[in-house]
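Enquirer: Sharing a structure with you now.
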Amino acid sequence: MPSLVADTHALLWHLVEPRKLGKAASRAFAAADAGRWICRVPSVALVETWLLHERGRLRIGPAQVLDAIAGHPGYAVLPLDVEQAIEFGALPAIKDPMDRMIVAAARVTGSRLLSADDGLRGHGVELVWD
């Protein structure tokens, strides 16, 4: 089964502003919604969602994100583990710590990354977007 890791913005856009998604990202989320692909949601994406919600930049919080994906068999929350923490150290070129943890999650799980962030290209993960 194809495996994806969702960047925070990609997951949030899928849930609240799907028109912002690239065509390939939209197809990938549809496959996860249908249970044909597995989309891993790094726990750090929930932390980032909480931070955006607290700052008033986002109407939904982590509880709503979890509720939205709970009914779909193609989603799994990915806890932060030792392997990801070690992989984080191999990515010093990524300055944003949240992005760095999300890329580490994709690398450790051997997943493609759902992200519009071109700055994450070239770090050993395939981006899925357009």
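Every number here is computed from the coordinates shown, using simple stated rules; none is lab data. In this text, all values refer to a predicted model and were calculated from it rather than measured experimentally. Here the Cβ is made from the backbone with ideal geometry for all residues, glycine too, and neighbour counts use every protein chain on show.
Enquirer: Taking the condition of being within 18 Å of SER26 (Cβ to Cβ) and surrounded by fewer than 21 Cβ atoms within 10 Å (Cβ to Cβ), how many residues in the stretch 119-130 meet it?
Expert: Total meeting the criteria: 3.
Residues checked against (1) surrounded by fewer than 21 Cβ atoms within 10 Å (Cβ to Cβ); (2) closer than 17 Å to SER3 by Cα:
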position	(1), (2)
GLU48	no, no
GLN64	yes, no
PRO73	yes, yes
ALA85	yes, no
LEU91	yes, no
ASP96	yes, no
ARG107	yes, yes
SER111	no, yes
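Enquirer: Is it the case that the stretch 64-77 has a residue that's touching a residue at least 24 places away in the same chain (Cβ under 8 Å) and acidic (Asp, Glu)?
Expert: Within the stretch 64-77, not a single residue is touching a residue at least 24 places away in the same chain (Cβ under 8 Å) and acidic (Asp, Glu).
Enquirer: I need every pair where a residue in the stretch 89-100 that is within 22 Å of ALA10 (Cα to Cα) has its Cβ under 7 Å from the Cβ of a residue that is assigned to a loop (DSSP other than H, G, I, E, B), sequence separation at least 6 or different chains.
Expert: LEU91/HIS123; ILE94/HIS123; ASP99/ASP117; ARG100/LEU91; ARG100/ILE94
Enquirer: Select, from ALA24, ALA10, ALA28, the only residue that is within 18 Å of ARG112 (Cα to Cα), in contact with an Asp or Glu (Cβ under 7 Å, 6 or more places away or on another chain), in a helix (DSSP H, G or I) and in contact (Cβ under 8 Å) with a residue 40 or more places away in the chain.
Expert: ALA24
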